[in-house]
Amino acid sequence: MNRYFASEFIASRSSSTAWLTLTALPLLFLTFTLARVATEDPDATGILMWQSMYATGIAAPLTAMFAASAELRERHARMGGRHWRGLSMRSLRLARFVAVIACVAVFHVLNFGGTWLLAVLDGRTGANRILLLGVLSWVGAIGVAGLAMACARNTNIVITLVVFLVWQLAGTTRPIVEGPVWWAFPFAWPVRLVLPVLQVHQNAVPLEPDAVLRHESPWLALLLCLVLAVAGAIIAVVTPRYCIAFRRAHQHVSTAVLREASTRRPADRPRNVLPALLPVALTPAVRSCIILCTILILCVAMIYPPSYVHGLFTFAILPIGAGILPALIWSTTAPAWNIMRIENPHCTPTLLSIHALCVSAMSAIAALAGLISGSPLSTELTRLTLAIPVGSMLTMIALLIVTRFGTATTIIWAVIWTIISATLGGDVLADTPLWLLAAAAWPEIAHGPRWFVAFSIAAIACTTLYPLCARTLRTHRSE
């Protein structure tokens, strides 16, 4: 069994699963910065409250991305040929599960261990609660990782993300996680486990002095999370990858008369690549996402006032879409990218233009939805003018991440900057200098002089990122 573990840990080095552990660093920076700027508690309570962004917002989808990235790596590598060498598939899956749990543990050490160290250096009392929170969060993540591995093994990374986003949302619903029968819902167990330590409700509001959660013992939730961990480990190990067989179409030889081709243009002259690359980039997944987002925002526009339309686009569609779009497009174009850019050098600017076109189209649809809901034309034009460069900036950042670190890391970064924008773009923190960190929320919170600051930053960022993305695409080597 030791050889299985050694093989898996060698395969995990420098993989997207290992790189995902570094997502703890921006969370660490954001947690401590918010605790210093937005709270006045002299002890560790202020830091713990901001750690609720992770525990109640992204814990399940982030853990699922660790698991899905490991499964995606094995699928692309075709198991490294190990499936026909007479090895035990269950032992391989067990070793992969242990490697994923180890990477999740490293993430928790960086996140909570780093937060504890900063709290100690800052002289805050009660810092040991941060370490306890990290241990409990990791225990709650074990079962989620096992279930996510089984899900990703037979679906794909996007479906896995959606499933565990729903898992997280359901687990943080107040009637469920704080209700009398919370123990009947497995998706609420990891959140319930950490709420007494965080001393907050499921929506990060501090507990009242007489709240039941303030004095609740964590033993029942800990026991249930251990049961979930065992169940997740078993499911991750015993669940195989199911393959669906399709009937292969019979090939036939055409009897058509062949003639010599003639053209007015030289054969070696680069052609317009947009008509050829656009259908390839706009995969069924991309088209489905655009259509569903369009239907959703138009339905909201016909029922609710403009503030709902603006909030939906700014805090959900724009940041998440800007992260997922490059991941979906690159997963289709990456296998043939080397030959594409050699055959036609216009592929690189065309691919970047397609990303900008998608961002512009969704921003225009959001502006149209705002007009339908009753928003003034001047307001929508102002928002549209800022949303396009902001969305393009986020899209190019995501493209750089996906070409270097893979799909899972890109999606997690999208979730992280969505949570950051929703948190810092709120009514209170948006009035502080922290609004500059909520880039995706700029169309919503940047008014007056702020608009010119946000537009200038986004324009400069796009001008800088475009040649960087072009260079990365020109020098990229497909695996």
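The numbers here are math on the coordinates, done by the rules we state, and not lab data. Worth saying up front: this structure is predicted, and the values here are computed from it rather than measured. With ideal geometry, Cβ positions are generated from the backbone for all residues, glycine too; neighbour counts draw on all protein chains shown.
In table form, for the structure just shown:
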item: Chain lengthening between A361 and V98 when straightened (0.36 nm per residue, less Cα-Cα); result: 90.3 nm
item: Distant-in-sequence amide H partners of R241 (H built 1.01 Å from N, under 5 Å); result: none
item: Neighbourhood net charge (15 Å Cβ-Cβ; Lys/Arg +1, Asp/Glu -1) for C103; result: 0
item: The chain: relative contact order in percent, alpha carbon pairs under 8 Å with at least 6 residues between; result: 16
item: Neighbour-count ranking [beta-carbon atoms within 10 angstrom, fewest first] of L424, L131; result: L131, L424
item: For the stretch 310-342 versus the stretch 420-456, the gap between their alpha-carbon centres in whole angstrom; result: 24
item: Proximal charge balance of F32 [Cβ under 12 Å; K/R count +1, D/E count -1]; result: +1
item: Order by protection proxy (mean Cβ within 10 Å, highest first), peptides 55-67, 349-361, 185-197; result: 55-67, 185-197, 349-361
item: Highest average packing first - 198-204, 309-315, 287-293, Cβ atoms within 10 Å; result: 309-315, 198-204, 287-293
item: Intensity falloff of the chain expressed as log10 I(q)/I(0), Debye formula with alpha-carbon point scatterers, at q = 0.09, 0.12 Å⁻¹; result: -0.68, -1.17
item: Amide H contacts of V200 (H built 1.01 Å from N, under 5 Å, at least 5 apart or other chain); result: L207
item: Cβ-Cβ FRET estimate between I339 and L223, R0 fixed at 56 Å, reported to 0.05; result: 0.50
item: Assigned charges on the beta-carbon of Lys, Arg, Asp, Glu; the stretch 275-475 dipole about Cα centre (debye); result: 480
item: Selected from N2, W50, L224, residue furthest toward positive end of dipole (the stretch 2-238; charges at beta carbon); result: N2
item: Span-like helix ranges in the chain, DSSP H, alpha carbon extent 24 angstrom or more, Kyte mean at least 0.5; result: 89-108, 128-154, 219-238, 284-303, 347-372, 377-405, 407-424, 449-475
item: For the stretch 275-475, convex hull of alpha carbons as volume per residue, Å³; result: 112
item: Net lengthening on full extension, I291/R174 (0.36 nm per residue, minus Cα-Cα); result: 39.0 nm
item: Projected label distance in nm at L117 and T472, using a 7 Å step from Cα toward the beta-carbon; result: 2.7
item: Inter-site label distance for I234 and C299 at 7 Å from Cα along Cβ, in nm; result: 3.8
item: Backbone N within the stretch 220-242 under 20 Å of label point (7 Å from S88 Cα along the Cβ vector); result: 230-241
item: Likely footprinting exposure, R450, R73, fewest C-beta neighbours within 10 Å first; result: R450, R73
